[in-house]
């Protein structure tokens, strides 16, 4: 387990996000969390920012480019976007940004629902090893890990970051 003040990171992310939205004059944004850790982070931020629309939940299992290699989890839940995405400013939230493939899949799914005005990417943790040119707008913490290490957010209560070695 990483000895990290997750709530402190979330507080700073909320402040940074609020400042960014104000600077870009983005009013009435909607928030979408990526299943599962991204939803936990998004729930905290959604509450902190007092957003009017309900929190959207995205499950990108069917949009992954490694679907044929890893298969699908037997209990995949559907995405839930309880708002129209057309011309909306979307805040997309995930727990860990690693290769960029999860975010690419999330963007593909969002665009299947419509064409947003903008997408702001917020991540709790950014780690080394990007494979696609994806960059978060707001990052709670950056970290370099070895190729055989993986970081995962566990929760929802309490939230904790765990580093594991690949087997």
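Looking only at residues in the stretch 13-40 that are assigned to a helix (DSSP H, G or I) and in contact with a helix residue (DSSP H, G or I) (Cβ under 7 Å, 6 or more places away or on another chain), the one that is surrounded by the fewest Cβ atoms within 10 Å (Cβ to Cβ) is 18.
When residues in the stretch 53-69 are screened for being in a loop (DSSP other than H, G, I, E, B) and at pLDDT below 95, 5 of them pass. Only a single criterion out of (1) in contact with a strand residue (DSSP E or B) (Cβ under 8 Å, 6 or more places away or on another chain); (2) in contact (Cβ under 8 Å) with a residue 60 or more places away in the chain is not satisfied by residue 158, namely (1).
Comparison of 85, 93, 122 shows that the only residue that is without any contact (Cβ under 8 Å) to a residue 60 or more places away in the chain and buried (at least 18 other Cβ atoms within 10 Å of the Cβ) is 85.
If you go through the stretch 109-120 one residue at a time, do you hit one that is assigned to a loop (DSSP other than H, G, I, E, B) and within 16 Å of the chain's Cα centre (by Cα)? Checked the stretch 109-120: no residue is assigned to a loop (DSSP other than H, G, I, E, B) and within 16 Å of the chain's Cα centre (by Cα).
None of 72, 90 is touching a helix residue (DSSP H, G or I) at 6+ places or on another chain (Cβ under 9 Å) and modelled with pLDDT under 95 except 72. May I ask you to verify whether residue 126 is outside any helix (DSSP H, G or I) and out of contact with any strand residue (DSSP E or B) (no Cβ under 9 Å at 6 or more places or on another chain)? So residue 126 fails the test.
The values are calculated or read from the model by the stated rules, or taken from the named source; none is laboratory data. Source: prediction; values computed, not measured. All Cβ positions, glycine included, derive from the backbone under ideal geometry; neighbour counts span all protein chains shown.
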